[in-house]
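The values are calculated or read from the model by the stated rules, or taken from the named source; none is laboratory data. The structure presented is a predicted model; accordingly, all values stated were derived computationally and were not measured. Neighbour counts run over all protein chains shown; Cβ positions are idealised from the backbone, glycine included. All accessible areas refer to the heavy atoms of the entire protein, side chains included, with ligands and DNA or RNA removed. Shrake-Rupley method; radii C 1.70, N 1.55, O 1.52, S 1.80 Å.
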Amino acid sequence: MPMIAVTKERKAGETRVAATPETVKKLVGAGFELVVESGAGAGASIADADYEAAGARIAKTAKDALAKADVLFKVRAPEADEVKALKSGAYVVALLNAFNEKATVDALAKAGATSFAMEFVPRITRAQVMDALSSQANLAGYRAVIEGAEAYGKALPMMMTAAGTVAPAKIFIMGVGVAGLQAIATARRLGAVVTATDVRPATKEQVESLGAKFIAVEDEEFANAQTEGGYAKEMSKEYQAKQAEL
């Protein structure tokens, strides 16, 4: 029976975990053995007992969890001590940040591991359920507005009482990708007046469908600013100057 290990995230400030009791239950049902390092889910408010109830075994340390594991699930790339604990031929599935953490990728290769960088999964229709970039960007857009509201320190919606009226906050979203669209939706739900900008013409309709106002320098360069894959092209210095002025 193939064994999957889930260990703690060791990077400062990282509260996510690579598996939940729900996913553990699905994997166990699919014929895998799950071993979870004790405390791996603490940052995400998941207790060891919840993993055990889902069918996982709890290991005291990462070394214990990895001793016989065929696969390691992580959110972020494994640390050096985790790489050393991997058995040769193990698989590692994580957001590896391969271009910036090349030393980790090299260490994994030297350890005989086969690594899958989740950020490199092609963003195509049949791979949508593995699109970790979109799922995390969605959360980032939501969190950005929540953090912004905290920093703003005032109420976001219009408030009318017998004592007077408080005008709604005005929020400007720069960039309307996955994160930007979620930021617009969140800001609107909180009652703010929202405007947004992007260099891709197709985003105008998306912004307006969420009840926000679209703002952009809509010239000839703007009309051709989207690649065939749907991504934004780098704009000219002249366009950037007009954009900044607007």
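For segment 198-214, give me each residue that is modelled with pLDDT of 95 or more and assigned to a loop (DSSP other than H, G, I, E, B).
Those that are modelled with pLDDT of 95 or more and assigned to a loop (DSSP other than H, G, I, E, B): Leu210, Gly211, Ala212.
Of everything in segment 36-80 that's of a type in the set (A, V, I, L, M) and farther than 22 Å from Ala90 by Cβ, which residue is least open to solvent (accessible area, probe 1.4 Å)? Even if it seems obvious, please write down each step before you answer.
In the first step, residues of segment 36-80 are kept if they are of a type in the set (A, V, I, L, M); the result is 36, 40, 42, 44, 46-47, 49, 53-54, 56, 58-59, 62, 65-67, 69, 71-72, 75, 77, 80.
From what's left, farther than 22 Å from Ala90 by Cβ: 42, 44, 46-47, 49, 53-54.
Working: Ala42: 70, Ala44: 43, Ile46: 29, Ala47: 49, Ala49: 62, Ala53: 88, Ala54: 12 Å².
Among them, the one singled out is Ala54.
Do we have any residue at all in segment 7-17 that's open to solvent by 60 Å² or more (accessible area, probe 1.4 Å), out of contact with any Pro (no Cβ under 8 Å at 6 or more places or on another chain) and without any contact (Cβ under 8 Å) to a residue 12 or more places away in the chain?
Quick first cut of segment 7-17, residues open to solvent by 60 Å² or more (accessible area, probe 1.4 Å) only: 8, 10, 12-13, 15-16.
Right, trim to out of contact with any Pro (no Cβ under 8 Å at 6 or more places or on another chain) and you get 8, 10, 12-13, 15-16.
Applying the additional criterion that residues be without any contact (Cβ under 8 Å) to a residue 12 or more places away in the chain yields 12-13.
Checking segment 7-17: at least one residue is open to solvent by 60 Å² or more (accessible area, probe 1.4 Å), out of contact with any Pro (no Cβ under 8 Å at 6 or more places or on another chain) and without any contact (Cβ under 8 Å) to a residue 12 or more places away in the chain.
Which of (1) surrounded by fewer than 17 Cβ atoms within 10 Å (Cβ to Cβ); (2) not in a loop (DSSP other than H, G, I, E, B) does Met1 not meet, given it meets every other one?
Tallying (1) surrounded by fewer than 17 Cβ atoms within 10 Å (Cβ to Cβ); (2) not in a loop (DSSP other than H, G, I, E, B), Met1 fails exactly one: (2).
Conditions (1) touching a residue at least 24 places away in the same chain (Cβ under 8 Å); (2) closer than 28 Å to Asn97 by Cα, marked per residue:
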residue: Ser134; (1), (2): yes, yes
residue: Phe172; (1), (2): yes, no
residue: Gly175; (1), (2): no, yes
residue: Ile184; (1), (2): yes, yes
residue: Ser209; (1), (2): no, no
residue: Phe214; (1), (2): no, no
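Is there a residue being surrounded by 16 or more Cβ atoms within 10 Å (Cβ to Cβ), without any contact (Cβ under 8 Å) to a residue 40 or more places away in the chain and of a type in the set (Ser, Thr, Tyr) anywhere in segment 84-97?
yes
Give segment 198-246 a look and list any residue that's surrounded by 11 or more Cβ atoms within 10 Å (Cβ to Cβ), more than 13 Å from Gly177 (Cα to Cα) and of a type in the set (Val, Ile, Thr), or say none.
Those that are surrounded by 11 or more Cβ atoms within 10 Å (Cβ to Cβ), more than 13 Å from Gly177 (Cα to Cα) and of a type in the set (Val, Ile, Thr): Ile215, Val217.
Out of the helices (runs of 4 or more DSSP H) lying entirely within segment 102-197, which hold 3 or more residues that are surrounded by fewer than 14 Cβ atoms within 10 Å (Cβ to Cβ)?
Answer list for segment 102-197: 102-110, 132-152.
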